[in-house]
Amino acid sequence: MNEIRFENRFVRDESTAKEIYGYWFFKKPLSVAIYIVLGFYSLSCIFGLTLDFQSAKETIPILAMIVFYVIIMIVSYRSQVKGMAQRDREMSGGGELCCEISVSDDEITLSTLESRNPVAMSNVKSAFMTKNYVVVLTKARLMFILKKDSFTKGDADSFIAFLTEKGIKISGKKN
């Protein structure tokens with residue numbers, strides 16, 4: 001068995017879900033680009049309506065679709081946050097869910113309660129960072145969440161350098 005290079009242990013709560021899914025739905029580079037384009041397009045439609053450059057018959061349905069898209073993203077975000085919190089409470093019997101993640105050269109392992117779930121590092125696809133977390137994504141979109149200030153072996157900066165050495169693309173801000 002390979003030597004454990006990094007260990008991370010923290011209690012996952014609703015604030016974890018809010019930060020992770022807030023990035024996922026609203027701060028990913030593609031999401032930001034989409035919201036900017038939709039915002040500019042909405043403003044140009046409103047401007048065109050006010051100056052009678054565009055007809056309301058054509059413009060209002062487009063604006064309604066943009067609003068509908070944004071509402072769907074907000075509802076999806078809230079649903080994911082609520083779902084993660086409910087799953088965590090269910091798994092922990094209503095208590096706190098303590099997550100332990102260990103990383104070696106060959107695998108990353110999530111341990112919660114009595115379960116241990118290893119995944120080969122070759123299955124890691126990418127990672128992203130939020131203010132307080134580093135999230136590692138596998139090819140099947142399984143998330144390994146590590147809290148930056150909760151490393152019991154190693155530290156967040158070394159872990160990020162380790163992922164980079166492995167050729168794993170990391171997005172988000174290094175705060």
Taking a straight Cα-to-Cα line shorter than 17 Å from Lys125, and setting aside same-chain lysines fewer than 8 residues away, one finds Lys28, Lys139, Lys166, Lys169
Percent relative contact order for the range 105-170, counting Cα pairs under 8 Å at least six residues apart, stands at 23 percent
Counting all Cα-Cα pairs in the range 1-97, those more than 24 Å apart amount in percent to 49 percent
The chain, Gaussian network, Cα under 10 Å: of Val136, Val70, Val81, the residue fluctuating most is Val70
By the Cα gyration tensor axes a ≥ b ≥ c (a/c under 1.5 gives rounded; else a/b larger than b/c gives prolate, otherwise oblate), the shape of the range 96-138 is oblate
Total charge of the residues flanking Arg89 in space, meaning their Cβ is under 11 Å from its Cβ, with Lys and Arg +1 and Asp and Glu -1, is -2
Highest GNM mean-square fluctuation among Thr138, Thr50, Thr152, for the chain with Cα springs under 10 Å, belongs to Thr50
The chain: relative contact order from alpha carbon pairs under 8 Å, six or more residues apart, as a whole percent, is 30 percent
Extension length gain for Val75 and Ala56 (0.36 nm per residue less Cα distance), in nm, is 4.1 nm
Highest GNM mean-square fluctuation among Ile101, Ile74, Ile60, for the chain with Cα springs under 10 Å, belongs to Ile60
Quick tally, 1.4 Å probe accessible area for Asp157, Asp105, Asp52, Asp88, sorted with the most first, runs Asp52, Asp157, Asp105, Asp88
If every Lys and Arg gets +1 and every Asp and Glu gets -1 at its Cβ, then about the Cα centre the range 64-175 yields a dipole, in debye to the nearest 20, of 540 debye
Reported to the nearest 10 Å², Met73 has, with a 1.4 Å probe, an accessible area equal to 40 Å²
Here the gain from full extension of Leu43 to Gln86, 0.36 nm per residue of separation minus their alpha-carbon distance, amounts to 11.6 nm
Cα-Cα pairs in the range 45-109 separated by more than 16 Å, as a whole percent of all pairs, come to 70 percent
With DSSP loop assignment and no more than 13 other C-beta atoms within 10 Å, the trypsin sites (Lys or Arg not before Pro) in the range 77-175 are Lys131, Lys139, Arg141, Lys166, Lys173, Lys174
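The values are calculated or read from the model by the stated rules, or taken from the named source; none is laboratory data. Since we're looking at a predicted model, the values are computed, not measured. Because the Cβ atoms are built from the backbone with ideal geometry, glycine has one as well, and the counts that use them run over all protein chains shown. Please note that ligands, DNA and RNA were not included when accessible areas were found on the heavy atoms of the full protein model with its side chains. Shrake-Rupley method; radii C 1.70, N 1.55, O 1.52, S 1.80 Å.
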